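K.L.:
Please find one structure pasted underneath; my questions will follow.
The values are calculated or read from the model by the stated rules, or taken from the named source; none is laboratory data. All values reported here derive from a predicted model rather than from experimental measurement. Cβ placement follows ideal geometry from the backbone for every residue including glycine, while neighbour counts extend to all protein chains displayed.
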Amino acid sequence: MSEFVNRPSRSPLASALADRTVAAAPELVERLPDGRLRCLSCGHRCPLPEGREGVCRVRFREAGELRVPWGYVGALQCDPIEKKPFFHALPGSDALSFGMLGCDLHCAYCQNWFTSQSIRDPEAVGRPQDLDAAAIADLAAEAGAPTVVSTYNEPLITSEWAVAVFREARRRGLYTAYVSNGNGTPQVLDYIRPWVDFYKVDLKSMDDKHYRQLGGVLGNVLETIAGIHQRGIWLEVLTLVIPEFNDSDDELRRTAAFVASVSRDIPWHVTAFHPDYKMNDRGATPVATLLRAAQIGAAEGLRYVYAGNLPGRVGPWENTRCPRCAATLIERSGFRIVRNRLRGGACPDCATPIPGRWDARVEGTTRTHGIPLPVWSV
Ligand code: SF4
């Protein structure tokens, strides 16, 4: 915990978070020639003089060092891993999901704004609850959840804490995952690579102007997607299809083409938007739009395209099919596995291997059955 108490300009929440910090991992700090410290935990790469906080407002410089979040959660619950969503990792199992507070972006449609925007937005109710890393891993083991996931806020900006939790998870034989906006750096990917098994990136748009509106830079996200794949972490990409934001044929085609250029084996999830947080000026994504997006993904050569958030209304696009013989391998309805025919990670009919992370010891053990079962949430 920080020793520093003289923070007159901070809000009560910011002060509470500042009390829950440690020094940054040396791998995530660069000392600049002018004495500033550059944070390398996300693509903003904030150069911080003494007394300044980064864009995320949870990492800050004090008494000469970069202080970073530690020792609490902003939310914690057990979900089906399909809700993250991961469709090619331990299907039908639970994921103990934890988050901290804060984000490096400020998306108007954020569905986790109560944790991600808690420092920027007084309406956001997320508050820190002290918990140690071993206790989070113990909760996962007790809940029968084989995976521990950093989610609900942007995990990249709290990577030191995620790695601490994941070390404990690994000691208990558990898998680990990030659910992230992908605004990363090579340094943070190198830092987390030994500890992260599965990684989901939200690719929100292929238009840099749109990314700037959300507080990000498209190029950082594209480089991060490629970097995750190059480092051998299992990667799935999601695009929330938002009417009049990213739903044109051209943009969807460029999005799918980019993912396919990294690997045609990366699952691409196109999911339906509903009005949320500050984006209430348009309706939900129509089924026809989601089907069009899925068809574009397949036409661009992606082998595993999924349409989400509209269970039972998107035909076969919830299912995993064999790219060689077209047999249905995993049948889903929303977050629920209806049937899993994979055998040893391969098609039982033609033996084609299906890329992913498969472990028959833990698959099909979901206890939450498509309805989040709170272990503890705030
Ligand atoms: S995590 Fe990102 S936004 Fe936060 S201080 Fe570091 S570089 Fe800046």
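K.L.:
Which of the residues that make up the stretch 153-201 are surrounded by fewer than 20 Cβ atoms within 10 Å (Cβ to Cβ) and assigned to a strand (DSSP E or B)?
P.N.:
Across the stretch 153-201, there are no qualifying residues.
K.L.:
If you check Tyr72 against the conditions, is it free of Cβ contacts under 8 Å to residues at least 60 places away in the same chain and of a type outside the set (Lys, Arg)?
P.N.:
For Tyr72, the condition - free of Cβ contacts under 8 Å to residues at least 60 places away in the same chain and of a type outside the set (Lys, Arg) - is met.
K.L.:
Checking Pro47 against (1) over 18 Å from the mean Cα position of the chain (by Cα); (2) without any contact (Cβ under 8 Å) to a residue 60 or more places away in the chain; (3) surrounded by 23 or more Cβ atoms within 10 Å (Cβ to Cβ), which test does it fail?
P.N.:
It fails just one condition, (3).
K.L.:
Looking at the stretch 124-145 only, could you name the residues that are assigned to a loop (DSSP other than H, G, I, E, B) and touching a Lys or Arg at 6+ places or on another chain (Cβ under 8 Å)?
P.N.:
If the condition is that a residue be assigned to a loop (DSSP other than H, G, I, E, B) and touching a Lys or Arg at 6+ places or on another chain (Cβ under 8 Å), then Pro128, Gly144 are the ones that fit.
K.L.:
Sticking with this one: In the stretch 11-39, how many residues are among the polar types (S, T, N, Q) and closer than 15 Å to Glu160 by Cα?
P.N.:
1
K.L.:
Just the residues that are in contact with a Gly (Cβ under 9 Å, 6 or more places away or on another chain) and either near the ligand (Cβ under 8 Å from one of its atoms) or under 16 Å from Val22 (Cβ atoms) (or both), please, taken from the stretch 48-64. Working first, answer last.
P.N.:
Residues of the stretch 48-64 that are in contact with a Gly (Cβ under 9 Å, 6 or more places away or on another chain), as a first pass: 48-50, 55-62.
Across the stretch 48-64, the qualifying residues are Leu48, Val55, Cys56, Arg57, Val58, Arg59, Phe60, Arg61, Glu62.
K.L.:
Let me ask you something else. Please verify whether the stretch 350-359 includes one or more residues that are surrounded by fewer than 19 Cβ atoms within 10 Å (Cβ to Cβ) and at pLDDT below 95.
P.N.:
No, that holds for no residue.
K.L.:
Moving on to the next point. Do we find a residue being touching a Leu at 6+ places or on another chain (Cβ under 6 Å), in contact (Cβ under 8 Å) with a residue 60 or more places away in the chain and crowded, with 22+ Cβ neighbours inside 10 Å anywhere in the stretch 88-95?
P.N.:
Pass one, the stretch 88-95, residues touching a Leu at 6+ places or on another chain (Cβ under 6 Å): none.
No.
K.L.:
Now, a different point. Sort through Asp138, Asp121 and tell me the only one that's among the acidic types (Asp, Glu), surrounded by fewer than 21 Cβ atoms within 10 Å (Cβ to Cβ) and modelled with pLDDT of 95 or more.
P.N.:
Only one candidate qualifies: Asp138.
K.L.:
Now, a different point. Going residue by residue through the stretch 88-97, is there one that turns out to be at pLDDT below 95, more than 16 Å from the ligand (Cβ to nearest atom) and not hydrophobic (A, V, I, L, M, F, W, C)? If you could, list the steps in order and put the result at the bottom.
P.N.:
So in the stretch 88-97, the residues at pLDDT below 95 come out as none.
So far as the stretch 88-97 goes, no, none of its residues is at pLDDT below 95, more than 16 Å from the ligand (Cβ to nearest atom) and not hydrophobic (A, V, I, L, M, F, W, C).
K.L.:
Going residue by residue through the stretch 66-75, is there one that turns out to be within 15 Å of the ligand (Cβ to nearest atom), touching a Leu at 6+ places or on another chain (Cβ under 6 Å) and not in a loop (DSSP other than H, G, I, E, B)?
P.N.:
yes
K.L.:
What pairs can you find where one residue is in the stretch 206-234 and surrounded by fewer than 18 Cβ atoms within 10 Å (Cβ to Cβ), the other is in a helix (DSSP H, G or I), and their Cβ atoms are less than 7 Å apart, with a gap of 6+ or different chains?
P.N.:
Asp207/Glu251; Asp208/Leu218; Val217/Asp208; Val217/Tyr211; Ala226/Val262; Arg231/Leu189; Arg231/Arg193
K.L.:
Could you list, in sequence order, the residues of the stretch 80-97 that are within 8 Å of Thr366 (Cβ to Cβ) and part of a loop (DSSP other than H, G, I, E, B)?
P.N.:
Scanning the stretch 80-97 gives Gly92, Ser93.
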